[in-house]
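Everything below concerns the one structure shown next.
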Amino acid sequence: MFRANAERLRDGTDAWRRLEAPAGIRFPWDPRSTYIRRPPHLTGLSTTAPDRLAPRGAKVLLRLGDDVTTDRISPAGRIPADSAAGRWLTERGVARRDLNQYATRRSNHEVMLRGAFTNPTVTNLAVRDRKPGLGLGGHAYTADRSGVLPVHEAAPTYRQSGHDLVVVAGRDYGAGSSRDWAAKAQALLGVRAVVAESYERIHRSNLIGMGVLPLEFTEGDRASSYVFTGEEVLTFEGFDGLSVGTRPIALRITRKDGSRETVDLRLRIFSGQELSYLRHGGILPYVVRRTLDRS
């Protein structure tokens, strides 16, 4: 009985056999799909690793508090019809009753980016402190400071202006479930580094896997000790000759009035593999370049 069942295993059920599927060994991406879209992780990937690790001309996109969980960074639950993700789907013909959950559409980066930082408990202090009432639910300034937009709309304006992005947070950043999209969303938004007091272990590893630098304030220092309005320009020093271990990093803050401040940070790298991922900008670029080297 077991052998007979095993012989029929690849035949599948009648419903399985009736499914239409294209032939070939490469997946044919359908630009109309609302579930599976070609991700932009490797778009424009060079054959060699970047010549720099430090964010350049960086700006603070989000200044967050303590205990920001992965669910607050990237939700997994129901997609509200009036949300940015819900509107994107309905504009493409998806019925409101079929919006489903973020978790079921995790192969669609358009949906996931529109859900990033939209949890109503997320407060961007850089916005709230300047414009009370506008800091809730993941809003951020645009690069030219002309307005406040949802994070997924504000972030591209910085990339277009040539700025890397940084997220500043308090303690236990990325606590909660090990949700890979919490790191993916930040990387695709253009975040090159997170500066936090401490990290949840798995989220820290996921950030490294996406090429995002998990920088830490030194022992006893607090994010709340510094003012981040989003108008500052951030530069980082100390990445030359990076190796496994704890490396001191100097954050130079240049404020709008020309004044400057230096913050001592640290970058902890626990293995040669983590170092390789960071140098290449994440796991996927690392694997692709190694494959090309062997071919």
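Would you tally the net charge around SER276, using a Cβ to Cβ cut-off of less than 14 Å, leaving SER276 out, and scoring K and R as +1, D and E as -1? Net local charge, SER276 excluded: +1. Counting only alpha carbon atoms, the long axis of helix 180-189 and the longest principal axis of the chain meet at about 60°. Net charge in the neighbourhood of ARG222 (other residues with Cβ under 12 Å of its Cβ; Lys, Arg +1, Asp, Glu -1) is -4. The angle between the Cα long axis of helix 283-294 and the main principal axis of the chain comes to about 70°, on a 0 to 90 degree scale. Take every pair of alpha-carbon atoms less than 8 Å apart whose residues are at least six positions apart; their mean separation over the length of the chain yields a relative contact order of 19 percent.
Considering only C-alpha atoms, what is the centroid distance from segment 4-28 to segment 212-248, in Å? If you average the Cα positions of each part, the centres end up 51 Å apart.
Once you have a ≥ b ≥ c as the square roots of the Cα gyration tensor eigenvalues for segment 36-103, tell me rounded if a/c is under 1.5, and otherwise prolate or oblate according to whether a/b is larger than b/c. Oblate, because a/c is 1.5 or more while a/b does not exceed b/c.
Amide hydrogen proximity for LEU213: with H placed 1.01 Å from N in the peptide plane, the residues at 5 or more positions away or on another chain lying under 5 Å are ALA193, VAL194. Per-peptide packing, taken as the mean over residues of other Cβ atoms within 10 Å, places 74-83, 254-263, 151-160, 32-41 in the sequence 151-160, 74-83, 32-41, 254-263 from highest down.
Among residues other than ALA187 with Cβ under 13 Å from its Cβ, the summed charge is +1 (Lys and Arg +1, Asp and Glu -1).
Rounded to the nearest 10 degrees, the angle from helix 151-160 to the longest Cα principal axis of the chain is 70 degrees.
Just so you know, all these numbers are worked out from the coordinates, no wet-lab data involved. Please read these numbers as outputs of a predicted model, since none were measured by experiment. Neighbour counts are summed over all protein chains in view; Cβ atoms, including those assigned to glycine, are modelled from backbone coordinates with ideal geometry.
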